[in-house]
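S.K.: One structure follows; several queries about it will come next.
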Amino acid sequence: MKELTRGVVRFEKEIYPKRKDFFDKLIAKQFPRALFITCSDSRVVPNMITDSEPGDLFTIRNAGNIIPPYEEAMGGVSASIEYAVMVLNIKNIIVCGHTRCGAMHAAMHPESVSQMPIVKSWLNHSESARRIVMGHKDLPEEKRALIMVEENVLAQLDHLRTHPSVAAALARGDMELYGWVFDIVHGNVTSYDGEQGEFVPISAEHMPTATPPRRRRVL
Ligand SMILES: [Zn+2]
């Protein structure tokens, strides 16, 4: 704890005063560029991997970057999504999983959390991803682990769309969804390309999106 204490003192005495003008601009209101939903894992640092600043990302974190479907578990995740979309008017939502994820490992091996009923129940929200991985028994463990992480991101994106605020924004064409995987081994990010149906590298020119096509309506 000593290191963290020293860090707080450094922030108060050195970092904050040096950037006082920047922080002052954030006092009145926040205008985040995106809602960033990711795992609690300490090695995943949203502002670092997006090279962004305080005020840029409205963040939800939990074990396994899980988004319970609407009405199934009305809690902090659902409330934060609703607030982000309806009050902060956020138009980009990123669901970001990561490699070497302890939660996804546990989801693949439910016996490892048999003594942790709350964790076990929480990971049930990743059951569809687990079932998909079960169909790839022939693949090496490392590959299966990656499929689990990717499929979990896609499952949570599906859940996200059950939230009325998100569904309505998508129907208006007023929302973009992104499914990312941060590879903590190589320090890169892939993004799900909804058209190609696969996770692909991100480039400065192209950010693949997982946004579903808009419904066509004849009025
Ligand atoms: Zn994780």
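S.K.: Could you tell me which of the residues R43, R61 is in contact with a Ser or Thr (Cβ under 9 Å, 6 or more places away or on another chain), within 14 Å of the ligand (Cβ to nearest atom) and basic (K, R)? Steps first, please.
M.R.: Numbers: R43 fails: in contact with a Ser or Thr (Cβ under 9 Å, 6 or more places away or on another chain).
Within the list R43, R61, the selection yields R61.
S.K.: Restricting the search to region 160-182, which residues are of a type outside the set (A, V, I, L, M, F, W, C), farther than 13 Å from A210 by Cα and not in a loop (DSSP other than H, G, I, E, B)?
M.R.: The answer is P164, S165.
S.K.: Now for a different question. Which one is farthest from the chain's Cα centre (by Cα) among residues in region 84-143 that are within 30 Å of A168 (Cα to Cα) and charged (D, E, K, R)?
M.R.: My answer is R131.
S.K.: Looking at region 194-219, I want the residues that are farther than 18 Å from L177 by Cβ and have a partner that is surrounded by 10 or more Cβ atoms within 10 Å (Cβ to Cβ) with Cβ atoms under 6 Å, at least 6 apart or on another chain. Which pairs are those?
M.R.: Once the first residue is farther than 18 Å from L177 by Cβ and sits in region 194-219, its partners that are surrounded by 10 or more Cβ atoms within 10 Å (Cβ to Cβ) give P201/T190.
Yes/no matrix, rows are residues, columns are (1) without any contact (Cβ under 8 Å) to a residue 40 or more places away in the chain; (2) farther than 27 Å from P32 by Cβ; (3) surrounded by 13 or more Cβ atoms within 10 Å (Cβ to Cβ):
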site	(1), (2), (3)
D51	yes, no, no
N65	no, no, yes
Y70	no, no, yes
A107	no, yes, yes
E111	yes, yes, no
I118	yes, yes, no
S121	yes, yes, no
H125	no, no, yes
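S.K.: So, one more: Examine region 133-141 for a residue that is closer than 15 Å to C39 by Cβ and either in contact with a helix residue (DSSP H, G or I) (Cβ under 9 Å, 6 or more places away or on another chain) or at pLDDT 95 or above (or both), and state whether such a residue exists. Break it down into steps so the answer makes sense when it comes.
M.R.: We begin by selecting, within region 133-141, every residue closer than 15 Å to C39 by Cβ; these are none.
Scanning region 133-141, I find no residue that is closer than 15 Å to C39 by Cβ and either in contact with a helix residue (DSSP H, G or I) (Cβ under 9 Å, 6 or more places away or on another chain) or at pLDDT 95 or above (or both), so the answer is no.
S.K.: State all residues of region 130-176 that are among the hydroxyl-bearing types (S, T, Y) and farther than 25 Å from I93 by Cα; if no residue qualifies, say none. Walk me through it before giving the result.
M.R.: Narrowing region 130-176 to residues among the hydroxyl-bearing types (S, T, Y): 162, 165.
Passing the criteria: none in range.
S.K.: Scan G7, G55 and give me the residue that is touching a residue at least 24 places away in the same chain (Cβ under 8 Å) and either surrounded by 11 or more Cβ atoms within 10 Å (Cβ to Cβ) or part of a strand (DSSP E or B) (or both). If you could, list the steps in order and put the result at the bottom.
M.R.: On the way: G7 fails: touching a residue at least 24 places away in the same chain (Cβ under 8 Å).
Going through G7, G55 in turn, the sole match is G55.
S.K.: Taking the stated definitions as given, is P32 in contact (Cβ under 8 Å) with a residue 60 or more places away in the chain, touching a Gly at 6+ places or on another chain (Cβ under 9 Å), within 29 Å of G194 (Cβ to Cβ) and more than 16 Å from the ligand (Cβ to nearest atom)?
M.R.: Working: in contact (Cβ under 8 Å) with a residue 60 or more places away in the chain: no; touching a Gly at 6+ places or on another chain (Cβ under 9 Å): yes; within 29 Å of G194 (Cβ to Cβ): yes; more than 16 Å from the ligand (Cβ to nearest atom): yes.
So P32 does not fit the description; no.
S.K.: Tell me whether region 175-188 contains one or more residues that are polar (S, T, N, Q), assigned by TED's automatic domain parsing to the domain that holds L123 and under 25 Å from H109 (Cβ atoms).
M.R.: To start, the set of residues in region 175-188 that are polar (S, T, N, Q) comprises 188.
Narrowing the set further to residues that are assigned by TED's automatic domain parsing to the domain that holds L123 leaves 188.
Then drop every residue that is not under 25 Å from H109 (Cβ atoms), which leaves none.
No - not one qualifying residue is present in region 175-188.
S.K.: Being within 16 Å of the ligand (Cβ to nearest atom), aliphatic (A, V, I, L, M) and either assigned to a loop (DSSP other than H, G, I, E, B) or more than 21 Å from P68 (Cβ to Cβ) (or both) is true for just one of L146, L139, L123. Which residue is that? Don't jump to the end; show me each part of the working.
M.R.: On the way: L139 fails: within 16 Å of the ligand (Cβ to nearest atom); L123 fails: either assigned to a loop (DSSP other than H, G, I, E, B) or more than 21 Å from P68 (Cβ to Cβ) (or both).
Checking each option against the conditions leaves just L146.
S.K.: May I pose another question? Consider region 64-83. How many of its residues are more than 16 Å from the ligand (Cβ to nearest atom) and within 14 Å of the chain's Cα centre (by Cα)?
M.R.: Initially, region 64-83 is screened for residues more than 16 Å from the ligand (Cβ to nearest atom), giving 68-76, 78-83.
With within 14 Å of the chain's Cα centre (by Cα) added as a condition, the list becomes 68, 78, 80-81.
Going through region 64-83 one residue at a time, the tally reaches 4.
S.K.: Are any residues in region 92-115 within 16 Å of the ligand (Cβ to nearest atom), part of a loop (DSSP other than H, G, I, E, B) and modelled with pLDDT under 95, and if so, which ones?
M.R.: Correct list: H109 only.
The values are calculated or read from the model by the stated rules, or taken from the named source; none is laboratory data. Predicted model, so just to flag it, every value in this text is computed and none were measured. Cβ coordinates were reconstructed from backbone atoms using ideal geometry, including for glycine residues, and neighbour counts include every protein chain displayed.
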